Each structure stands twice: as structure tokens, then as C-alpha cells.
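Below is one structure, written out as C-alpha cells; comments come after it.
Read-outs throughout are calculated quantities, based only on the coordinates presented, and are distinct from any laboratory measurement. As the structure is a computational prediction, the values presented were derived from the model and not from experiment. In this analysis, Cβ positions are derived from the backbone assuming ideal geometry, glycine residues included, and neighbour counts consider all displayed protein chains.
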Ligand SMILES: Cc1ncc(COP(=O)(O)O)c(C=O)c1O
């Protein structure tokens, strides 16, 4: 028995499915990890993998980047949490605002889940309206209003609608397909003036990266503005990933509110919700919308965020994105040679592949792809020393620590892994 199998047996007695977050679980047993550095991660049996899960997105500089570790150690020696404001929060807020002009004011929280939860409460509090429009397969964290046709782990385990979410609440979440402006118009009209906000991942990251059709995001902006609906862009994945200014900058769309997470904490727990000053001014104690958190804005996460953004400002995204494009192109070549129907989707340093000959435009297309075939490939990739998220409905990430040699190694691994899928 491997050390991972042994730990899995023990873990399952203590934690549901032996994990702290559902998508980490897979059969016959998840690999328990011991250490990680750069583009590599090592399990407790000593096996080395090139990592494309990258903790689901925060690690744009790779695992344990020395500059961040140094800054965090220095911050830690001054205390881990103050329960009072610090200079670092001001510095990070200034940095965020310099790259996201839509973020006139912001609050730091601890996770992306918290960020979207508070943004939604704020939208309802500000507008006095009840309904929230969300996209099918969009994932915005594990809180009640958003566990309606959600992506990520919720989709992986075929339970996009969680038990325990009251029907009385779920009925205020209105679903529309991604990339379909007319459906959004109809949904807002059908809700008869009761839509507080639309929340949207600008690139649908929790189905695999699904890209917006040309003009879609701008049309969403127009429709929401014209109907008096707030637009919340959930940039927990895309923020500082598609570029310093995220999808807002790339697609020229200015939301009323937006959320960040993952990269903005430089590998440490964080979330941000931000937006127009007239809306954010309704947050307690300035206004009547309540939000609070013991660890919110702690100096450790905030320091890691500041230092990460500084490095991103220096390095830029060109070589990261070029290397990622090489991987996507190489993957297309490998899949063509394997004579299997496929789609490779991606943007910036995000990618995923689907076994289907239909383009993936929304959740409905993605769920028709061959997910069991994907899991077969995932397991073969593990044997080959490539660690990807254990689900069809997730995004793979490259980091600035990935090298050309990693890309070549990975393409050769896919080539061999695909023989198993075909056979
Ligand atoms: C787009 C998006 N929003 C929100 C969240 C929730 O963030 P967290 O897992 O930090 O709570 C995620 C997590 O993957 C996400 O991808």
C-alpha cells in the first residue's frame, strides 16, 4: 500500500471523503502532497509531478517563490493578525485600485466565497431588489445563493444544486446560459424590475475555461446598465491572471462591483470585493450592509499580495502567455495525432481539453463532452508525472515557474496518456 493510500484510509474516517474541499477527492485515492517548489509538486510517496492544478489558480509565480516566502517570514515576525488596520492594507488597496479603476473602494476578506457573498448582499442592500442573475456552470463559491447550477466541484459531483439550500432563497437566483445576451434580456424582463445584480465570471473558469464570444461582455454591460441591474464581475480566477487589470482590462468592461481572490493573496488566503464608491459606502459601519471578519486583511496575506503584484508588474505576462500558447498548440497537435474528437480551450495561462467535436460555448456543451474518458486520461497523466485538477470541469494553470522543458515533458506525457484513452 502506498503512503497516500494509507493516509486516505485514515483521512476518510475523519473527514468526508478524506478531504477539505470536494474536488480534491478522486478514486482510487487522492495523492497526498508533501512539498512543492516552482512548477513541481511531490507526493508523500516521493513521486514528482509537473503541476498544472497550481492550487486552482493562486500560484501564478509557482510554488514557494523565494521573494514571497521571504516577505511573508518578515511579516510573520511582526505578528500574524492584528485585529486592527495596518499600513499593508492601504498599500495593497492602492495597488489594486491602480490596476482596477472600477475598484474605487474595497474590503479585504479571506476567501473568494466570502467576497462574492458580500458583494451579493451589498447589491441587494443597495438596490433594494431581491433577484441575482447567474450563469449556468458559473461558480462563485460555496454559499447558498450561488449553489444553483454551479460549476467546479458542484458540477463534477453532479450536484450543482446543493441539498440544504432553502427553496425560498434559491428561487431568487435566476439562471441564464453563458454567451447568450438575449437570454439575459429575457431573464431581466421576466423578473419584473426585481433583479439586483448579475454576477458573472468573465471567462467561465469552473467549467474549464470557456471564452466570451466577441462582444458578449460589452453587451452584458449594456443590458445591465440599461435595466438598472448592477454588474458584478467575479474575477477570483481572472484577476491578475489575464493581466494586471484582469478581464476588465482585457475586454474593456467596467463593472459596478467585482471580486478578486487567489492571486491577489500571493498564495495566502484572501478575497476582495470592490467597486463604485457610492455602492461600497453602504458597507458597515458607513452604511447598513453588514460585513466583518477576524482574519480579514491580515498582514501576512496582504504582504504576500503586495509582493506578488510587484513581481507581476516587473515581469509582465508576455512570456507566461507565450509558453501557455505553445502548450495549447502542442496539445492540439498531440490530440490530432491521436485521432480523437477534441477541443482545447484557453486564454492567457489557462487551459483545458474536452473530448468532443463540438465547440464549447457554455455549460451545456461542456457537460456533453466525454468526462469518463477525461478521467481515464487524468489517471494516466498521474502515472506519467503530470498533476492536473481531477475533473473535466476545472481549469489548468501555468505559472511563471513553468519552463519550456516542462511544456515538452507534458506534451510527451499527454501523447502516451492518450494511447490509453484510445485503446
Ligand atoms: C470564480 C470563482 N469565484 C469564487 C470562488 C471561491 O473562492 P474560494 O475557494 O477562495 O472561496 C472560486 C473558487 O474557485 C472561483 O473560481
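Figure legend: label point modelled 7 angstrom from the Cα of residue 70 along Cα→Cβ; no residues of the stretch 82-103 have amide N under 16 Å from it. Pairs of Cα atoms nearer than 8 Å and 6+ residues apart set the relative contact order; for the chain it is 22 percent. Going from the fewest other Cβ atoms within 10 Å to the most, the residues 335, 217, 169, 260 appear in the order 169, 335, 217, 260.
Determine the relative contact order of the stretch 1-78: mean sequence separation of Cα pairs under 8 Å and six or more apart, normalised by residue count, in whole percent.
Working: 74 pairs, mean separation 16.9, N = 78.
Value for the stretch 1-78: 22 percent.
Summed over qualifying helices (DSSP H, 4 residues or more, each -39500 (n - 2.57)) and divided by its residue number, the chain shows a 222 nm mean residue ellipticity of -12000 deg cm²/dmol.
Neighbouring Cβ atoms within 10 Å as the yardstick, rank 116, 303 fewest first.
Values: 116 29, 303 25.
Ordered from fewest to most neighbouring Cβ atoms within 10 Å, 116, 303 come out as 303, 116.
Of all beta bridges that DSSP places with both ends in the stretch 66-314, some 40 percent have antiparallel geometry.
What fraction of the DSSP beta bridges in the chain is antiparallel, stated in percent and rounded to the nearest 5? Mind dumping the intermediate values first?
Working: 26 of 45 bridges.
In the chain, approximately 60 percent of DSSP beta bridges are antiparallel ones.
Taking the centroid of alpha carbons for each part, the stretch 300-338 and the stretch 189-243 are 24 Å apart.
Once you sort the root eigenvalues of the Cα gyration tensor of the stretch 332-379 as a ≥ b ≥ c, which label holds: rounded (a/c under 1.5), prolate (a/b larger than b/c) or oblate (the other case)? Rounded shape, in that the Cα axes give a/c under 1.5.
Taking the number of other C-beta atoms within 10 Å as the exposure measure, put 226, 168, 51 in order starting with the fewest.
Going from least to most buried by this count: 168, 226, 51.
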